[in-house]
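Taken together, the values in this text are just the output of simple stated rules run on the coordinates, not laboratory data. This structure is a prediction, so every number in the text was calculated from the model and none was measured. Virtual Cβ from ideal backbone geometry, glycine too; neighbours counted across all protein chains shown.
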Amino acid sequence: MERLKNNVILLQLIESLREHGSWCGETHIQKATYSLQQLKGVPLNFNFILYKHGPFSFDLRDELTAMRAVDLIAFEIVNDSYGPQIVITKRGKEIQKLFAKTLEEYRNSIQFIGSKLGNKGVVELEKLATALYVTKDMKIKKNDDRIRKIVKLKPHIQPIQAEKAVNDIDILIKAANA
């Protein structure tokens, strides 16, 4: 039952991201799910590690594959230059209706994440999610230390970009806690 509850939350997150302009590829879902857990405390219990493009969960990747296998989501190729978009299937929408109480419990948190991250591209999401990871998982508090850590972990991110990500994530953390 817990797994189905998580699936319904993920379906609602996908819907919210799409409503707010997200391409909704796997990277978007990875970063949004991480943010939903870290910023809003939604208990999805996916384990994240810092990977190539920021926080990444192999468990979540497996769960998305399973959701696709049971026809809750589908991959849609819109443009050969990008990865597939993830869309909710008819069956996925039907499942959402069965879990209205669960969706209501987490609706505000999901909408918050969708509204704050939905319009971000993967490059910006990587920076923000990495800043969140350094702040929350690595428990680094001082701005200068967080900036240096981001640049060390992700040498392709320039210090000025890391500083912006740290400032932006601090604003997001405050908004999430308001």
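Tabulated values for the structure
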read-out	value
Exposure proxy ranking, count of Cβ atoms within 10 Å, fewest first, for 22, 109	109, 22
Residues 134, 8 arranged by fewest to most Cβ contacts within 10 Å	8, 134
Residues of type lysines that residue 101 reaches as a straight line, Cα spacing below 23 Å, ignoring anything fewer than 8 places off in the same chain	5, 40, 90, 93
For the chain: relative contact order, % (alpha-carbon pairs under 8 angstrom, 6 or more apart)	28
Gyration tensor (alpha-carbon) shape descriptor, the range 77-120, a/c threshold 1.5	oblate
Under 17 Å from residue 120, Cα to Cα: lysines that are on another chain or at least 8 residues apart	31, 164
Most mobile listed residue (107, 61, 91) in the chain, GNM with C-alpha springs under 10 Å	91
Set of aspartates and glutamates with alpha-carbon distance to residue 149 below 19 Å, sequence-local pairs under 8 removed	124, 126, 137, 163, 168, 170
81, 115 arranged by Cβ crowding within 10 Å, fewest neighbours leading	81, 115
Label-point separation in nm, residue 40 to residue 174, each point 7 Å along Cα→Cβ	2.1
